[in-house]
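The values are calculated or read from the model by the stated rules, or taken from the named source; none is laboratory data. Keep in mind that this is a model prediction, so the values were computed, not measured. Cβ atoms come from the backbone with ideal geometry, glycine included; neighbour counts cover every protein chain shown.
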Amino acid sequence: MIDAYIALGSNLGDSRSLLSSALAAMDQLPATRLVDRSPTYRSRAVGPGTQRDYLNLVARLETGLTASELLAQLQSIEANHGRERSEHWGPRTLDLDILLYGNATISTDELTVPHPRMAERNFVLYPLSDLAADLVLPCGTPLQRWRGTCSNAGLEALGDSIEPGR
Ligand code: ROI
């Protein structure tokens, strides 16, 4: 079994209930269990134009799926929650990104792990560090070093966790 960390984000529709449903859907994937989830954050949207704030959190899964199988399953959960891939970095009902897959470094046409932009995204680093403060990245860098150089501007800890539901 592999520990995988997944970033969840939503800034369209009923974000709280979408995220809750996505957590439950990940727990129901084949050979996969939702082990833990971070507190919830509100974050200023990174992307074009004026967009609603996002809700973000990070989940830890234990999975027997390969990284590529996991990616396909997460894409199908996104699709089931109304995700349409249209505008680049536009608003989205549900975004599920594989941040880490065990200690693997993966670079294929479909998937790059660790997630290539996680080092600069406070809405990923802060919840990930709530879940796994002592994590060391596959490159050997402690997560806390990245977090220490990443501003928390535009990020607000809401102080609650979203329950997996429905
Ligand atoms: N911005 C924020 N704040 N949170 C996200 O989850 C998020 N996801 C994205 C882009 C469009 C880059 N912006 C985001 O995919």
*Tell me, please, whether a residue that is within 16 Å of the ligand (Cβ to nearest atom) and under 14 Å from the mean Cα position of the chain (by Cα) can be found in region 59-66.*
yes
*Going by the structure shown, is SER151 among the polar types (S, T, N, Q) and at pLDDT below 95?*
no
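Can you tell me which residues in region 65-94 are among the acidic types (Asp, Glu) and surrounded by 18 or more Cβ atoms within 10 Å (Cβ to Cβ)?
Selection gives GLU78 alone.
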*Tell me which of these ASP36 doesn't satisfy, since it passes every other one: (1) outside any strand (DSSP E or B); (2) more than 13 Å from the ligand (Cβ to nearest atom).*
(1)
*Report, by residue number, each residue of region 124-166 that is under 21 Å from ASP27 (Cα atoms) and part of a loop (DSSP other than H, G, I, E, B).*
ALA132, ASP160, SER161, ILE162, GLU163, PRO164, GLY165, ARG166
_Any residue that is more than 21 Å from TRP146 (Cβ to Cβ) and touching a His at 6+ places or on another chain (Cβ under 6 Å) - is there at least one of those in region 55-71?_
no
*Please enumerate the residues belonging to region 97-123 that are away from the ligand (no atom under 12 Å from the Cβ), surrounded by 18 or more Cβ atoms within 10 Å (Cβ to Cβ) and in a loop (DSSP other than H, G, I, E, B).*
PRO114
*If you scan region 1-37, which residues turn out to be surrounded by fewer than 16 Cβ atoms within 10 Å (Cβ to Cβ) and aliphatic (A, V, I, L, M)?*
MET1, ALA24, ALA31, VAL35
*Does any residue in region 52-71 that is in contact (Cβ under 8 Å) with a residue 12 or more places away in the chain come within less than 9 Å, Cβ to Cβ, of a residue that is part of a helix (DSSP H, G or I) and among the basic types (Lys, Arg) six or more places away or on a different chain, and which pairs are these?*
LEU55/ARG16
